[in-house]
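**Q** Submitted below is the structure of interest, expressed as structure tokens.
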Amino acid sequence: MNLNIRLPRDVARKAEAVQETDPEFLSRVLIGGLTRRSIYEHLKEHEESLSPCTGDAR
């Protein structure tokens, strides 16, 4: 899988250096971040479905 993103030059250089020393690191970071985001969204949706609707929101 290829992912193309735009980063500031200094950040891009650091990411490239990390990619050279540990090719799997950035993949693990991205997968971890996407997993956490998915869990957060799921919990948020579940919480909203449990909240009672009072009619007038103030």
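**Q** Tabulate in residue order the Karplus-calculated ³J(HN,Hα) for the range 23-31, using 6.51 cos²θ - 1.76 cosθ + 1.60 with θ = phi - 60°, rounded to whole Hz; enter x for Gly and Pro.
**A** Karplus-based 3J(HN,Hα) across the range 23-31 equals x, 8, 4, 4, 4, 5, 4, 5, 5 Hz.
**Q** Starting from the 7 Å offset along Cα-to-Cβ, what nm value, one decimal, do you get for the label separation of residue 27 and residue 13?
**A** The answer from the label model is 2.7 nm.
Bear in mind that the values in this text are calculations on the coordinates, not laboratory data. Quick caveat: nothing in here was measured; it's all calculated off a predicted structure. No Cβ is skipped: glycine too gets one built from the backbone with ideal geometry, and neighbour counts run over all protein chains shown.
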